[in-house]
Amino acid sequence: MLWADLLDALGHEVSSSLRGRAGSHSETLAFCWLAAGDVTDLIVAGAHLLPPRSLIDLCTMTTAAGVRTWLLYDIETCDEREEAEVNLALTTVPLDRFLEVRQECGEAGQTGTASSFPVVPDVHFLGFLDAVGQVLSADDAEVAAQTFRTGRETMKARLAAACDVDENDLAMHLHEITAHTNDLNELTALVKGAQTGAFACGWHARVDVRKWAQRGMVAGLSLHLDEADWEKLSHQHRPHEGATCVLSTLGFSVDALPGVRAADVADDGSTVVKNCEAVEVPPPARHLLVAQHIFRALAGAETDRFLV
């Protein structure tokens, strides 16, 4: 769990149908993301719960990646863990000094460069403008408010121009409004604005901004996959997983996927019927649908639902 927690703290998730294999490589994945990122400080809450071996492994990894590690203890350590700390040559820092250092780092990060987007509070979208006005400087508040207004007006215009809107349409609008940025604070302001615009049109959209940031990037890739991306989907462990990815990329919603029938998918995987019309499947993805046809035949499927 140590390496899974570290990956989670870095904003990454390990997901695989081969769960054991993903777990066994989580330490390597954690090191790769730690070394490739711009992390300078790692804070470990409840460090007194770490077994001595995990403590040594963690500090060895972070040191190799050039990361300073802060271990926060609720109680004093003893026995083997204390011996591990001595061998690691840890430096003890009083809590008040630690907080001073973190405050200095936070202030330095907020001043930053003139082009950086201000740090905005993650509050309910209906109270966003009031919150930024209370906690940000006038200049930063105006930047955040302008971005908020952009998201709000864009979403209102999109929904007003559409005849029938469902949740999938709303999600796609939100993706297109936020696709140009990977700055979490700018993304937050845009999402809050888009939520407010949707609310004015009768939609109460609840969005986890951090999860949306991760899924938004994935959604961006799924709309324009190249051959290398399709090749990655070919590594799915089971045929129906690959077929599900293809159908999702073609725009089938989660609710619509169970309704896809085997007869809707061409035997050679070249087309799929969607909303009573044949949709062409990109050539690099067709073999994934063919594999599911073959898998259904081998398994003796007793239903005409394609993914079963």
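Observations on the model:
- Packing here is the average count of other Cβ atoms within 10 Å per residue, and on that basis the peptides 162-170, 186-194, 117-125, 91-99, highest first, run 186-194, 117-125, 162-170, 91-99.
- The alpha carbons of the range 261-308 give a radius of gyration and a Dmax of 10.5, 29 Å, in that order.
- Debye-sum result for the range 28-81 in log10 I(q)/I(0), which assumes one identical scatterer on each alpha carbon, at q = 0.18, 0.20 Å⁻¹: -0.60, -0.72
Each value in this text was obtained by applying a stated rule to the coordinates, not by laboratory testing. No experiment lies behind these values; they were computed from the predicted model shown. Reconstructed Cβ throughout: ideal geometry from the backbone, glycine too, with neighbour counts over all protein chains shown.
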